[in-house]
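Colleague: Dropping the structure in here first, questions after.
Read-outs throughout are calculated quantities, based only on the coordinates presented, and are distinct from any laboratory measurement. Just so it is clear, the model here is predicted, and its values are computed rather than measured. Cβ sites come from the backbone with ideal geometry, for glycine too, and all protein chains shown count toward neighbours.
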Amino acid sequence: MQSPYARRHQSGLSLVELMMVLAIGLLMAAVGTALTGAWVDQAAVRQSEAQLRQAVAELKALALRNAEGRPMGEAAAVLLNQPGQLCVLSGQPAQASCENARLQAQPSATVRLAGADRACLAMDSSGRLIDTQIGNTACGNELSYRVQRNKESLDGSLD
């Protein structure tokens, strides 16, 4: 005969075990969500950098092509960087506008050229950067850039 105090065989999980499994699962989900956000931001930064490099390649091609026949020393092509927009134009536009642009891109990260949110690069027919003014935006010859989204950033030069 068995004692009334004998231990019975337990089946299933105890409340403590169930709570531990739930806590570990929630912790893993929280870490996974944070990492996913960082991966998305990093992908946006890399994609925006690729769009910037593509715009610079188009700028060089348009400047060397010089379809408008601009003399050396005048802008044959211009790259405008405005918040949320990159565009490449043939010739030297009067205003900093992307109207009639040969290439337009909407980067999903913030792009800063030479430390400014609004900047431009202008090239003459020999492919050299020149200093000029497009509307209120000064075009310089500094090729440094920063692409940033949330905590992810990438610094570089367009040499």
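Colleague: Filter segment 9-63 down to residues that are within 17 Å of the chain's Cα centre (by Cα) and among the basic types (Lys, Arg), then give me how many there are.
Modeller: Within segment 9-63, residues that are within 17 Å of the chain's Cα centre (by Cα) and among the basic types (Lys, Arg) number 2.
Colleague: Hey, among the residues in segment 125-151 that are in contact with a Lys or Arg (Cβ under 7 Å, 6 or more places away or on another chain) and surrounded by 15 or more Cβ atoms within 10 Å (Cβ to Cβ), which one's nearest to ALA38 (Cα to Cα)? Explain how you work it out, then say what you get.
Modeller: Going residue by residue through segment 125-151, those that are in contact with a Lys or Arg (Cβ under 7 Å, 6 or more places away or on another chain) are 125, 127, 137, 145-146.
Applying the additional criterion that residues be surrounded by 15 or more Cβ atoms within 10 Å (Cβ to Cβ) yields 125, 137, 145-146.
Working: SER125: 42, THR137: 33, TYR145: 21, ARG146: 17 Å.
Filtering segment 125-151 for residues that are in contact with a Lys or Arg (Cβ under 7 Å, 6 or more places away or on another chain) and surrounded by 15 or more Cβ atoms within 10 Å (Cβ to Cβ), the one nearest to ALA38 (Cα to Cα) comes out as ARG146.
Colleague: Right, something else. GLY115 is checked against (1) more than 21 Å from the chain's Cα centre (by Cα); (2) exposed (fewer than 14 other Cβ atoms within 10 Å of the Cβ); (3) not hydrophobic (A, V, I, L, M, F, W, C) and fails just one. What number does that condition carry?
Modeller: Failing condition for GLY115: (1).
Colleague: Spot the failing condition for ASP155; the list is (1) within 30 Å of LEU35 (Cβ to Cβ); (2) touching a Cys at 6+ places or on another chain (Cβ under 7 Å); (3) of a type in the set (Asp, Glu), and only one is missed.
Modeller: Result: ASP155 passes all but (2).
Table: residues versus (1) in contact (Cβ under 8 Å) with a residue 40 or more places away in the chain; (2) part of a helix (DSSP H, G or I); (3) surrounded by 13 or more Cβ atoms within 10 Å (Cβ to Cβ); (4) among the hydroxyl-bearing types (Ser, Thr, Tyr).
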| site | (1), (2), (3), (4) |
| --- | --- |
| VAL21 | no, yes, no, no |
| THR36 | no, yes, no, yes |
| ALA44 | yes, yes, yes, no |
| SER48 | yes, yes, yes, yes |
| LEU52 | yes, yes, yes, no |
| GLU58 | yes, yes, yes, no |
